[in-house]
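Asks: Structure provided below as structure tokens; questions to follow.
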Amino acid sequence: MISDTLLDHVAVAVERHSDAWPRYAGDLAGRWRSGGWGTGFAPAQLEYANGKKIEILEPHRADENDFLRRFLDRNGPGPHHLTFKVGDIDDALAEAADAGYEPINVDLSDATWKEAFLHPRDATGVLIQLAQSEGEWRTPAPASLPAPRTPTPADLIHVAHAVASLDDGLRLFSGLLGGSEEARGRADHHRWVDVAWPAAGRVRLVAPSSEGSTLWSWLGGRAGRLSHLGFVCEDPGGVGGARALTGSAWSLAPADNLGTGLVLVSPGSAALDDGLLP
């Protein structure tokens, strides 16, 4: 198990940052944290009330590194990776190797940001970034950022990751990445387990109860696929395009939200504990 691990952010890929601003900065009132321009991509991070972050990626200088351009051409916009901060990247790499995972794209050249990745084929269908960082990165907000729809930012309660096997998901997120099982439950056609880290980080593993279920079909033979992001927010029914799931829960299907599904509930609602899917 990798020690001193925190779920830092979930990254979503889009063609342009401005495509994502109305939802994540407007409807969900995410607060600007940082942004910049790299080789192959431009990251921009928004932070929510409980400190969890979404990183929005757009292609930049793709002629020098086309990884994000290829991702968008192949998949369209949608979830790209999960980033876990670690206390010691060397120890993390050794633990991953001992557990049978082969880190890729290891880059330890920058003392302020050392990173490595676990490929989706080894990590239940999701790209995992392991990073050791020094200090916090802050930059001025862009003028194009819209005003929030509500004065209070939403809480990003969990990242829901659908897996074909709960055992494989727990082996990665709990066994290697050090999350603690916090809760589990069952809905009509799927089971779920919440794996949690300090500072409000949580991955909800969702697995089909049987072959032939809707979730099973949606996985399409994959080991896993990021299902949705779960938010608590003021007036979830007022989020553009959201449809009612229950009296206190609404959702946006991936096709209606740049490839990333959302489940939205009102403050104080227990609906997120019902294992809702968009």
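Asks: Residue separation times 0.36 nm, minus the C-alpha to C-alpha distance between ARG74 and HIS189: what's the value?
Replies: On the way: separation 115, 0.36 × 115 = 41.40 nm, distance 2.96 nm.
So the chain would gain 38.4 nm between ARG74 and HIS189.
Asks: Label-point separation (nm) for ALA141 and THR39, each offset 7 Å from Cα along Cα-to-Cβ?
Replies: Inter-label distance under the simple model: 3.3 nm.
Asks: Rounded to a whole number, what % of the accessible area of the chain do carbon and sulfur atoms account for, probe 1.4 Å?
Replies: On the way: 5800 of 12090 Å².
The computed percentage sits at 48.
Asks: Also, quick follow-up: Name the residue from ALA143, TRP113, ALA97 whose Cα lies farthest towards the positive end of the charge dipole of segment 90-204, charges +1 on Cβ of Lys and Arg and -1 on Cβ of Asp and Glu.
Replies: Going by the Cα projections, it comes out as ALA143.
Asks: Could you compute Rg(Cα) / (2.2 N^0.38 Å) for segment 1-78, with N its residue count?
Replies: Details: Rg = 13.5 Å, N = 78, 2.2 N^0.38 = 11.5 Å.
Against the compact-globule rule of thumb, the ratio is 1.17.
Asks: When the chain is treated as a GNM, springs tying every alpha-carbon pair under 10 Å, which of ARG31, ARG138, ARG171 comes out with the largest mean-square fluctuation?
Replies: ARG138
Asks: So what's the convex hull volume per residue for the Cα atoms of the chain, in Å³?
Replies: 123 Å³
Asks: So, with +1 on the Cβ of K and R and -1 on the Cβ of D and E, and no other charges, what is the size of the charge dipole of the chain about its Cα centre, to the nearest 20 debye?
Replies: So the dipole magnitude of the chain works out to roughly 820 debye.
Asks: Once you keep just the Cα pairs under 8 angstrom separated by 6 or more residues, what percentage relative contact order results for the chain? Let's see the in-between values first.
Replies: Numbers: 665 pairs, mean separation 53.3, N = 278.
Relative contact order, the chain: 19 percent.
Asks: So what's the gap between the Cα centers of segment 86-161 and segment 213-272, to the nearest angstrom?
Replies: Spelled out, the Cα-based centre of one part sits 23 Å from the other.
Asks: Compute the label zone of GLU64 within segment 3-42: residues whose backbone N is under 13 Å from the point 7 Å along Cα-to-Cβ.
Replies: 37-42
Asks: With θ taken as phi - 60° and the coefficients 6.51, -1.76 and 1.60, list the Karplus ³J(HN,Hα) couplings across segment 216-222 in order, rounded to whole Hz; mark glycine and proline as x.
Replies: Once θ is set to phi - 60°, the couplings for segment 216-222 become 4, 5, 5, 5, x, x, 6 Hz.
Asks: Given axes a ≥ b ≥ c from the Cα gyration tensor, I'd like to know whether segment 89-163 is rounded (a/c under 1.5), prolate (a/b larger than b/c) or oblate.
Replies: oblate
Asks: Compute, for segment 64-222, the length of the dipole vector about the Cα centre, with Cβ point charges of +1 (Lys, Arg) and -1 (Asp, Glu) only. Units Debye, rounded to 20.
Replies: So the dipole magnitude of segment 64-222 works out to roughly 800 debye.
Asks: Please state, as a whole number in µm²/s, the translational diffusion coefficient that the Stokes-Einstein equation yields for segment 125-242 at 25 °C and 0.890 mPa s, with Rh defined as the Kirkwood radius across alpha carbon pairs.
Replies: Calculated translational D: 148 µm²/s.
Asks: Which stretch or stretches of segment 120-152 have amide N atoms under 18 Å from the point lying 7 Å from ARG222's Cα along the Cα→Cβ direction?
Replies: Once the point is set 7 Å along Cα→Cβ of ARG222, 120-129 turn out to lie under 18 Å by backbone N, inside segment 120-152.
Asks: Would you grab the residues whose amide H sits under 5 Å from the one on HIS81? Only those 5+ places off in sequence or on another chain, please, with H modelled 1.01 Å from N.
Replies: ALA11
Asks: Ok, one more. Can you work out the accessible area per residue across segment 28-109, with the rest of the protein chains kept in place, probe 1.4 Å, in square angstrom?
Replies: 44 Å²
The values are calculated or read from the model by the stated rules, or taken from the named source; none is laboratory data. These figures come from a predicted structure and were not determined experimentally. Because the Cβ atoms are built from the backbone with ideal geometry, glycine has one as well, and the counts that use them run over all protein chains shown. What goes into the accessible areas is simple: the full protein's heavy atoms, side chains included, and nothing from ligands, DNA or RNA. Shrake-Rupley method; radii C 1.70, N 1.55, O 1.52, S 1.80 Å.
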